[in-house]
1. Residues of the stretch 167-197 being open to solvent by 60 Å² or more (accessible area, probe 1.4 Å) and either over 18 Å from ALA233 (Cα atoms) or in a loop (DSSP other than H, G, I, E, B) (or both), which ones?
2. Regarding GLU105, is this residue without any contact (Cβ under 8 Å) to a residue 60 or more places away in the chain and outside any strand (DSSP E or B)?
3. Let me confirm something: among ARG250, ARG232, ARG221, which residue is basic (Lys, Arg) and crowded, with 16+ Cβ neighbours inside 10 Å?
4. Condition first: open to solvent by 40 Å² or more (accessible area, probe 1.4 Å), of a type outside the set (A, V, I, L, M, F, W, C) and not in a helix (DSSP H, G or I). Now tell me which residues in the stretch 129-152 satisfy that.
5. Does LEU244 satisfy the criteria of being in a helix (DSSP H, G or I), within 17 Å of ARG232 (Cα to Cα) and touching a strand residue (DSSP E or B) at 6+ places or on another chain (Cβ under 9 Å)?
6. Can you spot a residue in the stretch 67-87 that is in contact with a Lys or Arg (Cβ under 6 Å, 6 or more places away or on another chain), modelled with pLDDT of 95 or more, more than 15 Å from ALA145 (Cβ to Cβ) and of a type in the set (Val, Ile, Thr)?
7. For the stretch 1-57, which strands (runs of 3 or more DSSP E) that fit wholly inside it have 2 or more residues that are under 16 Å from ILE125 (Cβ atoms), within 21 Å of the chain's Cα centre (by Cα) and among the hydrophobic types (A, V, I, L, M, F, W, C)?
8. Let me spell it out: the conditions are (1) within 30 Å of HIS11 (Cβ to Cβ); (2) open to solvent by 40 Å² or more (accessible area, probe 1.4 Å); (3) part of a helix (DSSP H, G or I), and GLU300 meets all of them except one. Which number is the exception?
Amino acid sequence: MFDNALIYRAHSGFPAADQLGQLCDKQPFRSCAATEAKRVGWSAVCRDQLVHVVNSQFLVLRLNRQERLLPPAAVKEEVEERAAAREKASGSPLRRAEKQILKEEVYEELLPRALKRTSHFLVAIDTQRGWILVDTASRKKAEEALDLLRLTTGSLKVTPLATRDRATELMTRWLASPSERADGWELGEACQLESPSGDEGVIKATEVDLDSEEIQQHLERGRICSALAMARADQLALVLQDDLALKKIRFDDALIEGAEPADDDASAFDTEAHLHIPALTAVIEELIGLLGGEALPIIEEDASSEEQEAA
């Protein structure tokens, strides 16, 4: 349940759960056709539900993603072999346009025989806060989910979550001075240190005491913290990135203690969703407060929308 979280601010509303479910049913996941390199679509979240509602506030969806594994290096090698054979037969080198056509031919020929890999991840819509959480560490995959959500709903304006204060400033301050750390928070055993100019390489420290003299020396030399392992007591542990991405999320066992034993996988998922998702969003809200609050961008209205309002 959410190993990672990329957080986005939605600037438009969402359909009700029932309506969203009907819309998702029009964009179902299906396996890649022979000529498709990638395919995304919605699949059931819990039992046969395409939209799983948590606490009347969160709408949880599951995106399935399938891609054909066709390494570019393999395509390039095949193109080079065929190009060499054609050049030898004709006695003249292929022009750039001819090589591009040959590359497309090779790709189309090899694609149907490529192996397929399927993965999935959750998308949680916080209808009260106006956030979208995507359970992936990849911005590219998150954009795929947002594109599919945009296609599903007809329109969707989103921006990556932003705060008034930079995460690097908070992480560097907490790392340098224990007294600066907020109550209820503690550091883990991993961090990433960079030079402000970015030209002195990156130091990645894992399984270390972050209050050690070695870490402090790096900070005294001017390095800043761009990723920091931290934990909110009795809630969860995570690694905060400088772009506000949350990685390696691990929920505290205390959250699940006392919950009714689940009879099946669907019941177990529902229990975890009702405990973990509210806890995660509450921690995110607290982090935003520690970072000076959310910085809302100015969103320009589409010309078509302005014309409709004027009419």
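The values are calculated or read from the model by the stated rules, or taken from the named source; none is laboratory data. On a predicted model such as this, the values are computed, not experimentally measured, just so you know. Neighbour counts are summed over all protein chains in view; Cβ atoms, including those assigned to glycine, are modelled from backbone coordinates with ideal geometry. The area values use the complete protein model at the heavy-atom level, side chains included, leaving out ligands, DNA and RNA. Shrake-Rupley method; radii C 1.70, N 1.55, O 1.52, S 1.80 Å.
1. Within the stretch 167-197, GLU169, ARG173, ASP183, PRO196, SER197 meet the criteria.
2. Considered against the rule, which asks whether it is without any contact (Cβ under 8 Å) to a residue 60 or more places away in the chain and outside any strand (DSSP E or B), GLU105 comes out as yes.
3. Exactly one of ARG250, ARG232, ARG221 is basic (Lys, Arg) and crowded, with 16+ Cβ neighbours inside 10 Å, namely ARG232.
4. ARG129
5. no
6. Yes, there is a match, as at least one residue in the stretch 67-87 is in contact with a Lys or Arg (Cβ under 6 Å, 6 or more places away or on another chain), modelled with pLDDT of 95 or more, more than 15 Å from ALA145 (Cβ to Cβ) and of a type in the set (Val, Ile, Thr).
7. Fully inside the stretch 1-57 and qualifying: 6-10, 52-54.
8. Of (1) within 30 Å of HIS11 (Cβ to Cβ); (2) open to solvent by 40 Å² or more (accessible area, probe 1.4 Å); (3) part of a helix (DSSP H, G or I), only one is false for GLU300: (3).
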